[in-house]
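Read the structure below first, then the notes.
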Amino acid sequence: MALRQTALASRSRITSSLSSAACLNSPSARAYATVGTTTYIGQPPPPPTPPPAASSSSTTAANLSSVFDAQILYELRRRCQLAPGSSTGSQVQLPKLVEQYLDRGGLVLDSSLPYESRPGKDRRIDVDESAALDSVAMIVHAAQQGAEHKITHCSGFALSAPGLSEGQSVMVTCAHTLEEIRHSPILRRDAPPNANNAALPSVSGSFVITGPSSSPTFSPVSSILSSLHRSDLLLMSAPPSPFPALRTLPVSPYPAQPGARIRAHFVTHKEPVPGAGAEGWRPWVGGTWSKWIRGTVLGYRDMAGREAKPGTYDALSHLLFDPTPTPGSSGGPIIDEESGAVIGVVLGTQMQNRLQGVCGWGVPSEMIFEMFSLPGLKLNNRS
């Protein structure tokens with residue numbers, strides 16, 4: 001009897017062991033981790049350092065002088081004052097311009113832009129002799145509410161676009177400075193009031209500024225004619241004859257080949273230090289300095305960032321060039337040194353890779369023609 005009980009107990013232990021092994025080898029079995037005394041739990045990481053408080057008044061990276069800022073805000077307030085017998089001032093405010101910018105994305109104008117790949121002597125841009133004062137303008141977007149204000153600025157240049165309203169001046173520039181200021185709390189209606197702006201109406205608008213620092217000319221932007229959001233471009237108009245001595249620039253519809261020599265309009269808000277690097281810099285608008293920098297076309301990219309080549313079916317969406325532009329140069333022209341025509345627009349910088357580093361980032365001038373009708377072609381039923 002004792003032997004039988006011992007045998008049954010042994011069989012029970014063997015069966016239990018086999019059952020446990022089967023469970024561990026079964027696909028449906030779960031393995032659970034256990035925490036023992038040798039498991040160490042580290043201290044939680046320290047909280048991130050909070051960013052510094054934003055100043056109540058700000059500009060873009062290339063800060064303008066406080067004196068010029070005050071002059072911009074004075075012009076803004078003066079033009080936003082109610083005219084006698086009118087319910088609005090003479091300045092078109094930014095919310096209206098932003099609405100046009102969004103609604104007119106991809107709009108093709110009735111006017112056509114002349115093809116000037118090889119402009120004549122009277123039209124080509126001779127950067128060795130002509131100063132930027134008569135070729136490039138400063139574009140400023142400004143908003144103020146109480147003690148708070150926001151100013152963004154970039155460059156732009158005039159186009160020869162026959163067929164638009166008589167005397168209407170057309171400027172091409174970048175769109176990201178308008179994008180920056182349109183997200184400012186000063187322009188947002190849902191922004192909570194504070195001690196600096198409570199119960200105070202906001203004033204805003206855009207200017208095309210030309211002329212020397214001693215006597216700049218402020219021309220209010222009257223409308224956004226068209227925009228290409230993905231290309232970071234927009235066309236703006238101003239009242240008749242707003243740009244004294246500002247010439248229209250010839251624009252080529254054809255891309256420059258990689259390796260082509262160019263001149264790009266660069267801007268700096270600091271006076272160049274005397275020396276070899278200061279040669280060619282000239283006083284520009286608002287106490288800034290400008291120079292036609294020598295450079296080279298490096299290549300092109302499509303919208304996906306892939307390499308694109310001119311003379312093929314590749315979409316030349318962006319232009320790479322050297323050297324890298326300075327803050328405030330966005331919207332300025334890129335000139336083909338051989339032909340003297342605009343072949344691109346400066347947008348900013350782009351990181352190529354660790355070997356090639358950062359290069360200039362722009363858009364080919366053929367994208368400007370996307371906002372104009374083709375010569376001799378009439379489009380019907382356009383929105």
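The values are calculated or read from the model by the stated rules, or taken from the named source; none is laboratory data. All values reported here derive from a predicted model rather than from experimental measurement. A quick note on method: Cβ atoms are made from the backbone with ideal geometry, for glycine too, and the neighbour counts reach across all protein chains shown.
This table checks each residue for (1) more than 12 Å from residue 336 (Cβ to Cβ); (2) at pLDDT below 85; (3) under 24 Å from the mean Cα position of the chain (by Cα).
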{"site": "233", "(1), (2), (3)": "yes, no, yes"}
{"site": "248", "(1), (2), (3)": "yes, no, yes"}
{"site": "261", "(1), (2), (3)": "no, no, no"}
{"site": "264", "(1), (2), (3)": "no, no, yes"}
{"site": "277", "(1), (2), (3)": "yes, yes, no"}
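Residue pairs whose Cβ atoms lie under 9 Å apart, separated by 6 or more positions or on different chains, with the first residue in the range 345-372 and surrounded by 22 or more Cβ atoms within 10 Å (Cβ to Cβ) and the second part of a helix (DSSP H, G or I), are 345/365; 345/367; 345/368; 347/176. One residue stands out in the range 220-241 among those that are of a type in the set (A, V, I, L, M), buried (at least 19 other Cβ atoms within 10 Å of the Cβ) and in contact with a helix residue (DSSP H, G or I) (Cβ under 9 Å, 6 or more places away or on another chain): the one that is nearest to residue 75 (Cα to Cα), namely 221.
Evaluate the following for residue 145: is it polar (S, T, N, Q) and at pLDDT 85 or above? Yes. Scanning the range 258-301 for residues that are of a type in the set (Val, Ile, Thr) and surrounded by 19 or more Cβ atoms within 10 Å (Cβ to Cβ) yields 262, 267, 285, 288, 293, 297. Consider the range 326-344. How many of its residues are surrounded by fewer than 24 Cβ atoms within 10 Å (Cβ to Cβ), of a type in the set (S, T, N, Q) and under 18 Å from the mean Cα position of the chain (by Cα)? Qualifying residue count for the region: 1.
Filter the range 251-310 down to the residues that are touching an Asp or Glu at 6+ places or on another chain (Cβ under 7 Å) and among the hydrophobic types (A, V, I, L, M, F, W, C) and list them by number. Residues satisfying the conditions are 251, 256, 260, 262, 289, 298, 308. Looking across the range 263-288, the residues that are farther than 19 Å from residue 249 by Cβ and part of a strand (DSSP E or B) come down to 268, 283.
When residue 256 is tested against the conditions (1) in a loop (DSSP other than H, G, I, E, B); (2) more than 23 Å from residue 135 (Cα to Cα); (3) hydrophobic (A, V, I, L, M, F, W, C), the lone failure is (2).
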